[in-house]
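What follows draws every value from the coordinates through simple rules; no lab data is involved. Since this is a predicted model, take the numbers as computed values, not measurements. Ideal geometry is used to build each Cβ from the backbone, glycine not excepted, and the neighbour counts take in all protein chains shown.
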Amino acid sequence: MKVWSISRAVGLFTGDSRALLIIISGAMLLAGWVWLQENPQHNPLEPLDLNDPPGWATAGKLSDLSGNRALCRQVLTRSEVPFTALPGVGDGPCGLPDRTQINNPVIVPGNAIATCPINAGLALWINHGVQQAAEEHLDTKVTRILHLGTVNCRRVNSRQNAPWSEHATANAIDISGFVLENGEYVSVLQHWGEGKKGDFLEAVRDSACQSFRTVLSPEYNAQHADHFHLDQGTRWARVCR
Ligand SMILES: [Zn+2]
């Protein structure tokens, strides 16, 4: 009798704790789901919106855009990034199958031809890296980002037997400086490692690593003393330096 009542008590206890566990797990799952709805940048199932800050799922979603022009251009449209879709030209190592003209007014000279993933990376970087860094380190905004070019049919470092550069397919952009709202200029060549403008440049370089696969700055080598090289190439492991 005694044994029966103990086992019944244990049985009831087990039943209660199981129900409690189910309720707690359900509540946690619900809370997690609500949180993911509010933070789509962490949710791999939500489509990419370049107006959202970078999150856990952003790098994967950006990688998905490489080689998928239609998906990438959908993302630009959804994120209200201005661009012009142009037909591809040529083939081989310097063919340009993805010509997505950069119409973002902040990028100067305007109307440069690049791949769609470069357009996407720039939008994310400007929205969530460049402007924040300018406010934090220089108490102003960036009105212009100056670039040296995107397309260049050459091999890496122009060496004869090196692999083809991402510039050969317009999958890269070289950034040389930034014009601020107060008219001042921040130059990668002049201000890298120099005071507050240097702090701004370092923050901008670091944030670019959340928007681009490869980021090379003056810290990488002497060939990048006067610009940041940003590309979306998927052939190599990520580089951020
Ligand atoms: Zn470059």
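Which three extents, in whole angstrom, do the alpha-carbon atoms of the chain cover along their principal axes, largest first?
Largest first, the chain extends 90, 45, 35 Å along its Cα principal axes.
Pairing the Cα long axis of helix 116-125 with the longest principal axis of the chain, what angle in degrees results, from 0 to 90 and rounded to the nearest 10?
Approximately 70 degrees, to the nearest ten.
Where both residues lie in the chain, what percent of DSSP beta bridges are antiparallel, nearest 5?
For the chain, the DSSP antiparallel bridge percentage is about 85.
Which whole-angstrom value gives the distance between the alpha carbon centres of the range 26-86 and the range 164-212?
Value for the Cα centre distance between the two parts: 25 Å.
Run the simple label-point estimate for ILE23 and GLU181 please: 7 Å along Cα→C-beta, distance reported in nm.
5.2 nm
Could you sort 123-129, 139-145, 162-168 so that the peptide with the highest average Cβ count within 10 Å comes first and the rest follow in order?
The most tightly packed comes first, giving 123-129, 162-168, 139-145.
Check which residues have an amide H placed less than 5 Å from GLY149's amide H, if you skip close sequence neighbours.
So GLY149 has HN proximity to ASP174.
Relative to the longest principal Cα axis of the chain, at what angle does helix 2-38 sit, 0 to 90 degrees, rounded to 10?
That works out to roughly 20 degrees.
Residue by residue, what Karplus-based ³J(HN,Hα) values in Hz, rounded to whole numbers, does the range 90-97 have, using 6.51, -1.76 and 1.60 with θ = phi - 60° and x for Gly and Pro?
These are the phi-based 3J(HN,Hα) values: x, 8, x, x, 10, x, 10, x Hz.
Could you work out the relative contact order of the range 57-126, using alpha carbon pairs under 8 angstrom and six or more residues apart, expressed as a whole percent?
28 percent
Put +1 on the Cβ of each Lys and Arg and -1 on the Cβ of each Asp and Glu in the chain; which of LEU20, LEU122, GLN74 then has its Cα farthest toward the positive end of the dipole?
LEU20
Could you give the size of the charge dipole of the range 48-240 about its Cα centre, using +1 on the Cβ of each K and R and -1 on the Cβ of each D and E, expressed in debye and rounded to the nearest 20?
Approximately 720 debye in magnitude.
Largest first, please: the extent of the C-alpha atoms of the range 153-212 along each principal axis, to the nearest Å.
43, 23, 20
Per residue of the range 147-157, in order, report the coupling 6.51 cos²θ - 1.76 cosθ + 1.60 (Karplus, θ = phi - 60°) as ³J(HN,Hα) in whole Hz, putting x for Gly and Pro.
10, 9, x, 10, 8, 7, 6, 8, 8, 4, 6
PRE reach from ASN157 (point 7 Å along Cα→Cβ): which of the range 166-197 fall under 20 Å by backbone N?
166-169, 172-175
Using the Cα centre of the range 148-228 as the reference point, and only Cβ charges (+1 on K/R, -1 on D/E), how large is the resulting charge dipole? Debye, rounded to the nearest 20.
Dipole of the range 148-228, to the nearest 20 debye: 440 debye.
So which residue, out of GLY121, GLY177, GLY32, gets the largest mean-square fluctuation from a GNM of the chain using Cα contacts under 10 Å as springs?
Among GLY121, GLY177, GLY32, the largest mean-square fluctuation in the Gaussian network model of the chain belongs to GLY32.
Per residue of the range 69-75, what does 6.51 cos²θ - 1.76 cosθ + 1.60 with θ = phi - 60° give for ³J(HN,Hα)? Whole Hz please, x for Gly and Pro, Karplus curve as stated.
Rounded to whole hertz, the list is 4, 5, 4, 4, 5, 4, 5.
With a point put 7 Å past each Cα toward its Cβ, work out how far ASN39 is from ALA70 in nm, to one decimal.
It works out to 3.4 nm between the two label points.
Considering amide H positions built from the backbone, and no H for Pro or chain starts, which residues 5 or more places from ASN39, or on another chain, come under 5 Å of its amide H?
Correct list: empty.
Less than 12 Å apart at the alpha-carbon level, and either on another chain or at least 8 residues along: which aspartates and glutamates does that give for LYS141?
Within reach: GLU181, GLU184.
If you take every residue apart from SER165 with its C-beta less than 9 Å away from the C-beta of SER165, what net charge results, scoring Lys and Arg +1 and Asp and Glu -1?
0
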